[in-house]
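Peer 1: Here it is, the structure in full.
FYI, it's all coordinate maths here, none of it is from the lab. In this text the structure is predicted, and so the values were computed from the model without any measurement. Here the Cβ positions follow ideal geometry from the backbone for every residue, glycine too, while neighbour counts run over all protein chains shown.
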Amino acid sequence: MRPVKKRSRILKAKNNKDFSVTVVFNNGEVRIIDFKPIFDEIGINKKSPLSLLLDPNNFKKFSIENGTLSWKNVMQEIPWKKGFRAVPFEIGADTLYKKSKPSPSNVSYRAQISELIRKERLAAHMTQGDLAKASGTTAGYISRIENNQSGIELDTLFKLVEIGLRKKLKVSVQ
């Protein structure tokens with residue numbers, strides 16, 4: 001069976017300054033989007049119908065609609081049946097994810113968990129294969145977790161820590 005690719009979605013967004021926005025994606029990553037190069041790439045300039053976005057006051061009036069950023073104050077025309085339809089300006093979340101950069105001040109929970117599992121596995125003198133066998137998973141999956149290339153479900157984290165590493169898992173909310 002082919003794995004289902006999870007689509008990027010924006011959960012929360014905050015305007016930083018000028019044309020920079022910090023967003024939280026559904027994978028837990030906090031990323032920064034610089035819209036200046038994006039606007040240059042898609043041809044938004046003073047003569048463009050979307051030139052309202054070049055005004056910082058108009059730019060910061062975005063909202064999150066259907067998991068992406070939307071400017072209801074900036075309309076664009078798209079082909080529609082027998083003519084055109086005016087819709088708010090949006091750029092897809094997948095594109096925004098690709099064009100964004102990780103926030104330097106943010107160390108994601110996933111990266112913290114990845115490092116913790118690796119550290120504890122090495123302290124226990126276990127290979128990835130040893131931990132995989134003890135916890136009922138695969139060495140490839142352990143590798144992806146430790147290299148921060150895969151998220152981890154709470155049930156799996158429990159198995160890795162409590163069964164595989166024979167440690168106690170403590171979760172807290174601060």
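Peer 1: With 10 angstrom as the radius, rank ASP155, ASP94 by how many other C-beta atoms surround their C-beta, starting from the fewest.
Peer 2: Numbers: ASP155 8, ASP94 14.
Fewest-to-most Cβ neighbours within 10 Å comes out as ASP155, ASP94.
Peer 1: Starting with the fewest neighbours, write out LEU53, LEU160 ranked by other beta-carbon atoms found within 10 Å of each beta-carbon.
Peer 2: Working: LEU53 19, LEU160 26.
Lowest count first: LEU53, LEU160.
Peer 1: Another question, then. Return the Rg/Rh value of the stretch 109-164, two decimal places, where both radii are evaluated on C-alpha atoms and Rh is the Kirkwood radius. Please list the in-between numbers first.
Peer 2: On the way: Rg = 9.7 Å, Rh = 10.7 Å.
Radius of gyration over Kirkwood radius for the stretch 109-164 works out to 0.90.
Peer 1: Hey, what number do you get for the chain at 222 nm if only DSSP H runs of n ≥ 4 count, each worth -39500 (n - 2.57), divided across all residues, to the nearest 500? Please list the in-between numbers first.
Peer 2: Working: 7 runs with 55 residues, N = 174.
Result for the chain, helices only: -8500 deg cm²/dmol.
Peer 1: Pick out which of GLY92, GLY28, GLY129 has the largest mean-square fluctuation in a Gaussian network model of the chain, springs linking Cα atoms closer than 10 Å.
Peer 2: GLY129
Peer 1: Mind listing the phi-derived Karplus ³J(HN,Hα) values for the stretch 71-79, rounded to whole Hz, using 6.51, -1.76 and 1.60 with θ = phi - 60°, and x for any glycine or proline?
Peer 2: So the J values, rounded to whole Hz, are 10, 6, 8, 10, 9, 9, 9, 10, x.
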